[in-house]
Amino acid sequence: MAPEAPRRVGHRLLLLLLAVALVAAACGGADAGPNAASTTSTTDAPATTDTVASSTTSESTTSTTEATTTTSAPEEVDSGLPLLPTTTTAPPNPPVDPPLPPPVPGPPPGRNSVFVLGDSVFLGTTSSIPSALPEWLVTYDAVGSRRLAQGIDVLAMRRGEIGEAVVVHLGNNYIEGERGDYASQIDEAMTVLADVPRVVWVTVSEVSDSRRQINVAIRDAAARWPNMRVADWAPVIAAEPGLAWDGMHLTPEGRRRIAELIAQTLGPVVAP
C-alpha cells in the first residue's frame, strides 16, 4: 500500500466518527426536548388539572341540584275543576259585611233631661256642668265658633232629644245683621222651645259694646217668654276677670263658677 493510504483511511475514519458523533448529538437533543417539556408539564399540569376538575365538579353539583329540584316537584293532578290564579290571596268575590243593626233608642227625654247648647266657651265645661247637675241627664252640643243663627237650626234638628230643660250660651261669635238682629234670633229659638218648661239663657262676657247689647236682648226676652230664665254670667266675670284667661274662655275656677250659676238658675229636678 502507498504511504498516503493509511493517512486517507485515518482521515475517513475520523470523518465517520465525527458523523456518528453528530448523529448521536442530534438524537440526544431530540430526547432532551421531550424530557424538558415533560418536566414543565409535570409542574403545571396539576394546577390545570385541578382547575378543570373543580370547574367540572361545580357544574356537576349545580346540575345535580337543579335536577333534584326539578324531580322533587309534585306531579299535577287534573281534578277537572277550574284553577284559580295563585298570584292573589283575595277571593274572587270578597264577602260584604252585613249592615249594622239600628241603634237601640234610649228612653224618651224626661223631667231629668237637660240639653246644653254652646260654643267654644262651653267646650271647657263638659265635665264641670254635669258635675254640678248630678240629678240631671245632660246632653251636650258645643262647637267652637258657633253662632246663635246656627244654634237655632241645631235646636230644630234635635228637638226630639230635648226634655225638661235647655241651657243656651251663644253670643260670643255674633255677626251683626245675620238672620235679623240678636233679639229676633232669640225669639226664633224660643219659638222652637216654646213648650220646654225651663230654658236657661247665659249672658256673655261684655268684651265689646255689641256684647253688652246682646245681654240687654237676653234680659228683655225673659220678659216675653215665661219659660226663659237668665243665668247672668256677665256681672260675675266683670267683677272677677281672672275667671277667664282671655276675657271669655274660662279658667278651671271659671268653669266651676259658671256651672254653679247654671245649677242655681236651673233648679232641681221636678218629681213626676
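The values are calculated or read from the model by the stated rules, or taken from the named source; none is laboratory data. Computed from a predicted structure; not experimentally measured. Don't worry about glycine lacking a Cβ; one is built from the backbone with ideal geometry, like all the others, and counts go over all protein chains shown. For the accessible areas, the whole protein counts, side chains as well, though only heavy atoms, and no ligand, DNA or RNA atoms are used. Shrake-Rupley method; radii C 1.70, N 1.55, O 1.52, S 1.80 Å.
Just a few scattered comments:
- Point-to-point label distance, Val143-Ser208, nm (Cα→Cβ direction, 7 Å offset): 2.1 nm
- A cut-off under 12 angstrom between Cβ atoms defines the neighbours of Pro272, and their net charge, with Lys, Arg +1 and Asp, Glu -1, is 0.
- Positive contributions from Lys and Arg (+1) and negative ones from Asp and Glu (-1), summed over other residues with Cβ under 14 Å from the Cβ of Ser210, come out at -2.
- Share of carbon and sulfur in the accessible area of the range 150-272 stands at 56%, probe radius 1.4 Å.
- Surface analysis of the range 118-272 yields an accessible area of 44 Å² per residue, using protein heavy atoms and a 1.4 Å probe.
- The range 136-230 shape via C-alpha gyration tensor axes, a/c threshold 1.5: prolate
- Label zone (Ala222, point 7 Å along Cα-to-C-beta; backbone nitrogen cut-off 19 Å) within the range 107-140: 115-118.
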